[in-house]
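I have placed the structure first, in the form of structure tokens, so that the comments after it can refer back to it.
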Amino acid sequence: MRYELFIALRQIRARKFQTLLSVGAIALAVMVLTISQAFMVGFTDELYDTTVDKLPHVSVSPTEDEEYIYLYRTLMEEINSIEGVTAVSPFLTGKASLNFKENSRNVELRGVIPSRENEISEIESDMVEGDFRELEFSRNTVVLGSKLADRLEVKLGDFVDVSFPDANPLSLRVVGIFHTGSPLDESLAYCSLETARNFYDVSDVVSGISVQIEDFNKDRELAAKIEQTGYEAKGWTETNPEILRTLAIEGTSNSITLGLIVIIASFGVVSTLNLSVIGATRQIGMLRAMGASVSSIRMIFLLQSGILGFLGAFFGTLIGIVISLWIGEYEYPEGVEFAEQFGGISSIPVVIRPEDIILIIIAVFLLNLIAGIYPAQQAAKLDPVKAISSR
């Protein structure tokens, strides 16, 4: 063991109270940082699971001079052949008015191929009543969102009247109710592609094509490839920028707040080391008189700063991990509207990533090492003669 390390450890042990305060302050800040990061990671994962994974990663629409995509089957084959594409689903959508008894609601009526649509939105996992696939086997049927069904006061088996200007009125039997926890629950109704064509009185055309890809982070890259076919295509980051904004705002505010907490805690180490320099003035002078170099004196105090920072980071992350595992998952209280803004998030899992823990420990250790430069420099500048004669 180098004598600088030996002296640094001895100084830390000799000032137990100051050491406990410094380590405790850093540990408290790091504990908050660890728990907050675990929540942030869990929130991000949950947001992606409940929104991005259920959204079309790329949306293909008609060219500017056309209202519909006519040769959509050929286009689907071309899109399917692009590397990275996992699913495609055509849809025909428009406005419609749903009526049941005295209740009426304006909604988006979306005609789909149920088996293909489920590969995009995983709607079958959100079904609370009925069967989404029945749209494929029964004519003139519809699947409604849960809040829409409540507003209309309908249940499975009821017939709702569907109408809209310039459309063919239909009577559709309710064969399913879904609940996503999002605004779609009161504004969206699914029917088969054939039913939608009959209602809007159009030929074998679609309004657009939804595309699912392996890596949703490459949505713009895939959209650019699809646009080479002559149709317009946009990735989910363009069509749903609010998701990225939410993550950016949450991440930035979280990082700034917690960074300031850690910096404030690091000042405790600076204060402790400054007191240590004042209290060990004579010892520093004696070491200098015995031949210790300026760099050795500086190293002693830098080692103290680094050790205190590491101990605080280690115990802080350890406590933070224990508390995070104990929490496990945070559920929003009933009535919190935030859950409905982003795909029905009703709870946030607490996710601990090893790389985050390692990064936190290293960052806090380096920060405290930097914070210890000033007191270490002050100690190294002491004149040995004056230091020995001081009281």
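Each value in this text was obtained by applying a stated rule to the coordinates, not by laboratory testing. As the structure is a computational prediction, the values presented were derived from the model and not from experiment. All Cβ positions, even for glycine, are placed from backbone atoms using ideal geometry, and neighbour counts span all protein chains on display.
Which values, in whole Å and largest first, are the semi-axes of the equivalent ellipsoid of region 34-87 obtained as the square root of 5 times each eigenvalue of the Cα gyration tensor? Each step should come with its number before you reach the end.
On the way: eigenvalues 264, 37, 11 Å².
Ellipsoid semi-axes (Å, largest first): 36, 14, 7.
Under unit Cβ charges (Lys, Arg +1; Asp, Glu -1), what dipole magnitude, rounded to 20 debye, does region 56-239 have relative to its Cα centre?
Details: 17 positive and 35 negative charges, 95 e Å.
Once rounded to the nearest 20, the dipole reads 460 debye.
Grab the alpha carbons of region 58-108, take their convex hull, and tell me the volume per residue in Å³. All intermediate terms of the calculation are to be shown ahead of the outcome.
Numbers: hull volume 6.2 nm³, N = 51.
Spread over its residues, the Cα hull of region 58-108 gives 121 Å³ apiece.
So how far apart, in nm, are the two label points at GLU134 and ILE327 if each is 7 Å from Cα heading toward Cβ?
Inter-label distance under the simple model: 4.2 nm.
With no solvent and one point on each alpha carbon, what is the Debye value of log10 I(q)/I(0) for region 56-239 at q = 0.09, 0.13, 0.16 Å⁻¹?
Once normalised to I(0) and log-transformed, intensities are -0.32, -0.66, -0.96.
Which percent of Cα-Cα pairs in region 1-139 sits in each 5 Å bin, short to long?
Bins of 5 Å from zero give 2, 7, 9, 11, 12, 10, 8, 6, 5, 4, 4, 4, 5, 4, 5, 4, 1, 0 percent of pairs.
Mean separation of Cα pairs under 8 Å and 6+ residues apart, divided by the residue count of region 56-239: what relative contact order is that in percent?
Working: 412 pairs, mean separation 66.3, N = 184.
Relative contact order for region 56-239 comes out at 36 percent.
So if each residue of separation counts as 0.36 nm, and I subtract the Cα-Cα distance between GLU119 and GLU194, what length gain in nm does that give?
Details: separation 75, 0.36 × 75 = 27.00 nm, distance 1.91 nm.
Computed gain between GLU119 and GLU194 is 25.1 nm.
Highest mean first, how do 114-126, 153-165, 307-319 rank when packing is the count of other Cβ atoms within 10 Å averaged over residues?
Details: 114-126: 18.5, 153-165: 14.9, 307-319: 22.6.
Highest to lowest by the protection proxy: 307-319, 114-126, 153-165.
In the structure shown, do any of LYS101/LYS147; LYS95/LYS225; LYS95/LYS155; LYS54/LYS218; LYS54/LYS225 have a Cα-Cα gap over 20 Å, and if so which?
Numbers: LYS101/LYS147 17 Å; LYS95/LYS225 30 Å; LYS95/LYS155 22 Å; LYS54/LYS218 16 Å; LYS54/LYS225 22 Å.
Pairs exceeding 20 Å: LYS95/LYS225; LYS95/LYS155; LYS54/LYS225.
Averaged over all directions, how much area does the convex hull of the C-alpha atoms of region 73-160 cover when projected, in nm²? Let's see the in-between values first.
Numbers: hull surface 26.5 nm².
Orientation-averaged projected area of the Cα hull: 6.6 nm².
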